[in-house]
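Asker: Quick one: this structure, given as structure tokens, is what I'll be asking you about.
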Amino acid sequence: MTEQEAKAAVAAHYGMLLGIASPWVVKEAKLEMAGRRVDIEVAHDASQAVRCPQCRRECARHDHAPERTWRHLDVMQFTTQIRARLPRCACEEHGVVTLVPPWAEPGSRFTLLFEAFAVQVLLACASLTQAAELLRLDWDSVQRVMDRAVERGLARRSTSEVVHVGLDEKSFGRGQNYVSVMTDLKKPRVLEVVEDRTSEAAVALWKSLPEEQRAKVEAASMDMGANFSSATRQVAPQAKIVHDRFHVSQLLNEAVDKVRREEHRRLLEQGDESLKHTKFLWLQGAAVEGERALGFAELCERDLKTAKAWAYKETFVEFWQQPDAISAKRFHEQWHAQVMRSKLEPLKKVARTLAAHLDGLLNYFVHRITNALTEGFNSRIQAIKAAARGFRRFQNYRTRILFFCGKLDLAPHTTPLAASCSQFAH
């Protein structure tokens, strides 16, 4: 076999591995031992017609774009890249347009198979830095792969079955920086993340759903903040507002702790340290076990304001156990009247808040939704923040959340031939 025949055989071999077919052909495959790299030159057959990538009409060949390279899957631990000058066609409708190669998506510097593999590595790694090391890429390149994967997934995503959503806020960075998050409560996934927690941000969340689908949303679970409520009434007026029971529980716990702190200061002046280090006892309540349970029972038997506040908080749990909205409304009236007769101002403040949002509380008995699933994403999002050691750019934070919590179809769809050959390219 002559040297020219050997080169042709190697080129044909790599063409088979890469799934390159007419009108594309592998012209040459160079192996650089020192750099441990395989460089594959691909060209478009000049005798074949070209078609506009937008309208698919056959048209005249105009010229060639400057040479570009695409990173491919490693071959026997050798870094592999494809090199080509893409033809440009002269389309009567769209003008001069560059052809899209069958091995990569438009604008990408990676082949379809490499991006699909990179997505798998990213999903398996604890951090972007680890993925970059395994893929032998710089941090920015891996971030671009993730950005493209999320864009791809959002374009493919269907929201046709979204009828119940959760709206919540998460911290971003330091200080009072927040993002607003919309989740699908039926199919647990994050639908969108926007910067800030204003009414405008909440409107942007709603508008991330197609208008036709937005009109089909039956109910939305949220806290009692004005931003989410006003945005829902403005953009999705048919959706019933359901105030989240866990947010209510949080408000009541905070009120009990305010009573405890005020009473603790008063008792300390008398030399009584009974309420010292008891914050979590009042939060855990009946869940306290062992010797701590005995101590907690003793505190409850004393004539303490904190014990009374805790009892009101525990009693309100029965509100959510009512069989229907009518019974729940009756229960609330009785509970509210009792609290307002007490001298526990932090509890009375919460009671006034609940009364002002009673319709949203009663809607729970129609739709039975909460933000429990939304809150469930908190640990995942916190892990994402910890792995990244915080985020400077909101866009990277959004991408990371949607990548790991959006349940998106992230990887590029490869051709059957390319997919069947991928097992040889590792």
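Asker: With the checklist (1) out of contact with any helix residue (DSSP H, G or I) (no Cβ under 8 Å at 6 or more places or on another chain); (2) within 30 Å of Ala126 (Cβ to Cβ); (3) in a helix (DSSP H, G or I); (4) open to solvent by 40 Å² or more (accessible area, probe 1.4 Å) in hand, flag the one item Asp359 doesn't pass.
Answerer: Of everything listed in (1) out of contact with any helix residue (DSSP H, G or I) (no Cβ under 8 Å at 6 or more places or on another chain); (2) within 30 Å of Ala126 (Cβ to Cβ); (3) in a helix (DSSP H, G or I); (4) open to solvent by 40 Å² or more (accessible area, probe 1.4 Å), Asp359 misses just condition (2).
Asker: Give me the residue from region 1-30 that is in a loop (DSSP other than H, G, I, E, B) and open to solvent by less than 80 Å² (accessible area, probe 1.4 Å) and, out of that set, modelled with the lowest pLDDT.
Answerer: Checked region 1-30; the qualifying residue modelled with the lowest pLDDT is Gly19.
Asker: What number of residues in region 31-84 are modelled with pLDDT of 90 or more, closer than 19 Å to Leu137 by Cα and open to solvent by 50 Å² or more (accessible area, probe 1.4 Å)?
Answerer: Within region 31-84, residues that are modelled with pLDDT of 90 or more, closer than 19 Å to Leu137 by Cα and open to solvent by 50 Å² or more (accessible area, probe 1.4 Å) number 2.
Asker: Looking at the structure I just gave you, is Pro66 in a loop (DSSP other than H, G, I, E, B) and either in contact (Cβ under 8 Å) with a residue 40 or more places away in the chain or acidic (Asp, Glu) (or both)?
Answerer: It is false that Pro66 is in a loop (DSSP other than H, G, I, E, B) and either in contact (Cβ under 8 Å) with a residue 40 or more places away in the chain or acidic (Asp, Glu) (or both).
Asker: Also, I was wondering about something else. Could you say which residue among Val162, Val181 is in a strand (DSSP E or B), surrounded by 14 or more Cβ atoms within 10 Å (Cβ to Cβ) and touching an Asp or Glu at 6+ places or on another chain (Cβ under 8 Å)?
Answerer: Only one candidate qualifies: Val181.
Asker: Pairs under 7 Å by beta carbon, first residue under 23 Å from Ser221 (Cβ atoms) and modelled with pLDDT under 80 in region 373-392, partner in a helix (DSSP H, G or I) and open to solvent by 70 Å² or more (accessible area, probe 1.4 Å), six or more apart or different chains?
Answerer: Partner pairs satisfying both residue conditions: Glu375/Phe246.
Asker: Another question, then. Does region 187-194 contain any residue that is acidic (Asp, Glu) and open to solvent by 50 Å² or more (accessible area, probe 1.4 Å)?
Answerer: Checked region 187-194: no residue is acidic (Asp, Glu) and open to solvent by 50 Å² or more (accessible area, probe 1.4 Å).
Asker: Does region 297-329 hold any residues that are exposed (fewer than 14 other Cβ atoms within 10 Å of the Cβ), modelled with pLDDT under 95 and outside any helix (DSSP H, G or I), and which are they?
Answerer: Those that are exposed (fewer than 14 other Cβ atoms within 10 Å of the Cβ), modelled with pLDDT under 95 and outside any helix (DSSP H, G or I): Arg302, Asp303.
Asker: OK, next. Filter region 311-342 down to residues that are over 22 Å from Leu281 (Cα atoms) and out of contact with any His (no Cβ under 8 Å at 6 or more places or on another chain), then give me how many there are.
Answerer: Number of matching residues: 22.
Asker: Any residue in region 397-410 that is touching a residue at least 40 places away in the same chain (Cβ under 8 Å) sitting within a Cβ distance under 6 Å of a residue that is in a helix (DSSP H, G or I) and aromatic (Phe, Trp, Tyr)? List the pairs, counting only those 6 or more apart or interchain.
Answerer: Going by the 6 Å Cβ cut-off, the qualifying pairs are Cys405/Phe377.
Asker: Go through (1) touching a helix residue (DSSP H, G or I) at 6+ places or on another chain (Cβ under 6 Å); (2) open to solvent by less than 40 Å² (accessible area, probe 1.4 Å); (3) in a helix (DSSP H, G or I) for Ile241 and report which single condition fails.
Answerer: Condition not satisfied by Ile241: (3).
Asker: Still on this structure: Which of the residues spanning region 332-355 are assigned to a helix (DSSP H, G or I), open to solvent by 30 Å² or more (accessible area, probe 1.4 Å) and without any contact (Cβ under 8 Å) to a residue 40 or more places away in the chain?
Answerer: Selection gives Glu333, Gln334, His336, Ala337, Gln338, Met340, Arg341, Glu345, Lys348, Arg352, Ala355.
Asker: Taking only region 137-150 into account, find how many residues are at pLDDT 95 or above and loosely packed, with under 14 Cβ neighbours inside 10 Å.
Answerer: 0
The values are calculated or read from the model by the stated rules, or taken from the named source; none is laboratory data. Because the structure is a prediction, the values reported are computed rather than measured. We place every Cβ from the backbone using ideal geometry, glycine too, and count neighbours over all the protein chains shown. Just the protein is used for accessible areas: all its heavy atoms, side chains included, with ligands, DNA and RNA removed. Shrake-Rupley method; radii C 1.70, N 1.55, O 1.52, S 1.80 Å.
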